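Everything below concerns the one structure shown next.
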Amino acid sequence: MWRAEVAFAERFVADAPDLEITGDTADQGQVSLREVLVHMIEEYARHNGHADLLRERVDGRTGQKSSDVNTARYSQPVDLGWSGGRVGRGR
């Protein structure tokens, strides 16, 4: 179901004439596609930050120094099993 929603959203954005098209919402009135996309970027950034905090609690690694001792342990790509593909961990 999630993949179908992502595919729909990708098609919707690709087919949109521009980012200024609007839609109506029950609580905010009209919003532009640009506003929706910026909101989604903000949400992904927030959730990625939360995931990073959890990872820090698990492996103790903070920051982005490539000389960290844990870097070698996570240098291989990890298959996430979704359309994001493979991601290198620990970099």
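What follows draws every value from the coordinates through simple rules; no lab data is involved. Note that the structure is predicted; figures quoted are calculated from it, not measured. Virtual Cβ from ideal backbone geometry, glycine too; neighbours counted across all protein chains shown.
Modelled spin-label separation between residue 4 and residue 34, with each label point placed 7 Å from Cα along the Cα-to-Cβ direction: 3.3 nm. Count Lys and Arg as plus one, Asp and Glu as minus one, and take only other residues whose Cβ is under 11 Å from that of residue 19; the net charge is then -2. Counted by Cβ distance under 14 Å from residue 42, the other residues give a net charge of 0, where Lys and Arg count +1 and Asp and Glu count -1.
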